[in-house]
C-alpha cells in the first residue's frame, strides 16, 4: 500500500479539477512524485518543477512549488539554466514521451551527457495526447495512431538505453501499475547526485487505448503489469520468457562527476584560488 | 580616462560585465563567437556562469531559466541562430523574464555569407516571434556604442521585464576602435524590482500604474507558476477569459510603449538647418556620418539622425526631425526594411530616398552622396 499522507499540502487545490481525462495515468504519477517529495521532506520553497508542452506537462500548474511550464521540448534546457545558476535548488522535470524524446531529443542527450543534477520523469503514454493521438517515438511499431491509420512503421525508442549511453548516472523505469515501486524509483532519482531518468509507463485510454482496442483502464494496467519484469527477477526467468517484456526497476547506476560541481571548480581556477 | 583598443564583439562582452551579467549560454556561430569566447573566460572570474549549450534553442531556454533565479543573462548569435531562438524570445516576452539577445547580423537568408556584413534582420528583430508583441531593439554604430548600448540593453531588460535585442552587424562586431571605458561610468545599473509583499500576498503579474510587475526569483519562498499560456495576475492560465487575455496582451505592449521617450536613444549631426536628412542605424550610420561631413564641406546642407533604438519605432521623433526637410535618405544594408516604416510616417510630404545594398559589403559614404546629388538612381 502506498503510504498515507496529506497530499493536499503540496497541491494548488484551487486549480482543481485538473484537465486530464478519466483514467489518465498523469494523476497517478503526480501522486507517486508527491509521496517521494514527502518522504524526502524536501523544502517546497527550494523545489523547482519544470515541464514542457502536452497533457502531462500541465502538471506544473497543480503543484505548489516553483513551477515553470516552458516551450515544447525545451524543459531540460530551461532546467539546465536554473540548476547551473542556483545549484541549491532541487530541479525536477516532468514531461511526456513526445516532448522528451522527439522535439526535445537533443536536449535529452546532452543533459544526460553533462550529468547535470536534474531528475527527469517522463510519463510515457506512447502517444501525443494533447493534440489528439498522433504517434510519438515511443509508439510501438505496428500500433495505430491518429497519424498512423494503417499502422505505425517506425520502431520505438528505448529512452533508458539512450540515457545510459549518453551518460545519465541513474536510469530507471517504472509504471503506473506499480505505484509503490514508482515512488521508490523517484526517491532514488532525486537522491542521485547527477542526471536521473525515470521513465514511467503510463496509459492513455482515450487515444492510445481506444485507437488500439486496449480496453478500459483496468485492462490497460493489467496488460502493463503482465508485460513488465523487474530487473531483479531476470535471473529467475525461464529461457525465452523475457521476450516482448519491458524491464522495470533501476536499470543503470554509475558514478560520474556532476556538472555544476565541476563548474564550481572552474570558478576557483578562473579566480586563481 | 582609460582608452582601450577593442573589437566590437569584445566591447559587447565588456559592456555585459559592466551591466552585471551573471550568466551566458550560447552556441558557436560566426560572426558572434568572440562574445562567447570572451565571456567563457570573464564570467567565472567574476563568479558568474558560462555554458556552451547543444544548440541555439537550448541557449535561449537556458538564459531564460537562469534569469528566473534572479540572474542577469545573455546569449549571442547571428541570423540562423536568431531565427531558431524566436519561439523562446516570445516565451520571455509572455512570461516577462528579462534577458538580452545579441544578434551580430550576417548576410542571409539561410547560411548566406557568414563572414559578410548585413542589416537583414531588422524586421526579424521586430516580428520574428509569432503573435502580437512589442520588443526593444538597440543598434550600435561604433565600438563605443556597442559597450554603451549593451549596458542599456540590460538596463531596459531589467527595468521593463522583457527580452531586449542588441542588433550588431558584422562590420561593427569585428571593427576595432579605441574606446573610453570610463565614459559610461555614470550610467546607473538597473536591477529588476523584487516583490515587497509577503509570499502569501504575491501575485506575480499584478501591476501598479502600468509599471512592470515585481519579480521574485525562484527559490526565495515565493512559490508561483510561470507559463507561456495566456495568464491572469495570478500567473495561471486564463484561456477561457477573453477580457483577461485582452488585458494581458495590451499591458505587455503598453508597459514598453508608454516609456517610448525613455527608450528612444539617438544621436544627431547638424539636423536643425539641414535640407537633406539622412536617417540611419548601425554600420550604415557610420557611413552616413562621413557622407554628411563630406557634403557639408561641399556646401550641401545635410544632417544625420542616427537611431540607436530602432524598435519600438520612434515615430514621433522621426516625424519631428523630418519636418520641413527636402529629402530624407535612408541608407541600409537590406532592401529598405526600415525605409518602409519611415515612409509610413512621411506619407508623401517629404521625398524619401531609400538607399539599399545587399552585396555583403559595407555601404560606402560615396553611395549616399551620389544618391543625394542624383548621380545614382534610386528605386
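Quick note: the coordinates plus some simple rules give every number you see, no bench work behind them. Owing to the predicted nature of the structure, the values given are computational and were not obtained by experimental measurement. Heads up, the Cβs are rebuilt from the backbone with ideal geometry, glycines too, and the neighbour counts pull from every protein chain shown.
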Identify, please: which residue in the stretch A:49-77 is buried (at least 24 other Cβ atoms within 10 Å of the Cβ) and in a helix (DSSP H, G or I) and is, among those, nearest to the other protein chains (Cβ to nearest Cβ)? A:77
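Can you pull out every residue in the stretch B:337-351 that is over 22 Å from the mean Cα position of the chain (by Cα) and assigned to a helix (DSSP H, G or I)?
Within the stretch B:337-351, just B:346 meets the criteria.
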Going by the structure shown, is residue B:125 within 19 Å of residue B:56 (Cβ to Cβ), within 15 Å of the chain's Cα centre (by Cα), more than 14 Å from every other protein chain (Cβ to nearest Cβ) and in contact (Cβ under 8 Å) with a residue 60 or more places away in the chain? yes
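Here is a yes/no grid of residues against (1) touching a residue at least 40 places away in the same chain (Cβ under 8 Å); (2) touching a helix residue (DSSP H, G or I) at 6+ places or on another chain (Cβ under 6 Å); (3) closer than 12 Å to residue A:70 by Cα:
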residue: B:66; (1), (2), (3): yes, yes, no
residue: B:71; (1), (2), (3): yes, yes, no
residue: B:75; (1), (2), (3): yes, yes, no
residue: B:83; (1), (2), (3): yes, no, no
residue: B:86; (1), (2), (3): yes, no, no
residue: B:90; (1), (2), (3): yes, no, yes
residue: B:94; (1), (2), (3): yes, no, yes
residue: B:100; (1), (2), (3): yes, yes, no
Looking at B:74, B:84 in this structure, which one is crowded, with 19+ Cβ neighbours inside 10 Å, more than 9 Å from chain A (Cβ to nearest Cβ) and within 26 Å of residue A:75 (Cα to Cα)? B:74
Hey, among A:170, A:221, which residue is buried (at least 21 other Cβ atoms within 10 Å of the Cβ) and under 30 Å from residue A:114 (Cβ atoms)? A:170
If residue A:13 satisfies every condition in (1) more than 17 Å from residue A:198 (Cβ to Cβ); (2) touching a helix residue (DSSP H, G or I) at 6+ places or on another chain (Cβ under 6 Å) but one, which is the exception? (2)
Members of the stretch B:28-54 that are within 15 Å of residue B:100 (Cα to Cα) and either assigned to a helix (DSSP H, G or I) or more than 9 Å from chain A (Cβ to nearest Cβ) (or both): B:32, B:35, B:36, B:39
Need a quick list: strands (runs of 3 or more DSSP E) entirely within the stretch A:182-253 having at least 1 residues that are within 30 Å of residue A:84 (Cα to Cα). A:196-201, A:246-253
Of the residues B:25, B:62, B:11, B:16, which is buried (at least 24 other Cβ atoms within 10 Å of the Cβ), in contact with a helix residue (DSSP H, G or I) (Cβ under 7 Å, 6 or more places away or on another chain) and without any contact (Cβ under 8 Å) to a residue 40 or more places away in the chain? B:62
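I'm trying to understand the selection: among the residues of the stretch A:103-116, which are out of contact with any helix residue (DSSP H, G or I) (no Cβ under 6 Å at 6 or more places or on another chain) and at the interface with another protein chain (Cβ under 7 Å from one of its Cβ atoms)?
A:106, A:110
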Test residue B:112 against the criterion of being over 23 Å from residue B:7 (Cα atoms) and more than 14 Å from chain A (Cβ to nearest Cβ), and give yes or no. yes
Residue that is more than 9 Å from chain B (Cβ to nearest Cβ) and in contact with a strand residue (DSSP E or B) (Cβ under 6 Å, 6 or more places away or on another chain), where the choices are A:100, A:85: A:100
Tell me the residue from A:242, A:197, A:221 that is in contact (Cβ under 8 Å) with a residue 12 or more places away in the chain and in contact with a strand residue (DSSP E or B) (Cβ under 6 Å, 6 or more places away or on another chain), please. A:197
If we keep only residues of the stretch B:87-104 that are within 13 Å of the chain's Cα centre (by Cα) and within 12 Å of chain A (Cβ to nearest Cβ), then the residue nearest to residue B:222 (Cα to Cα) is B:99
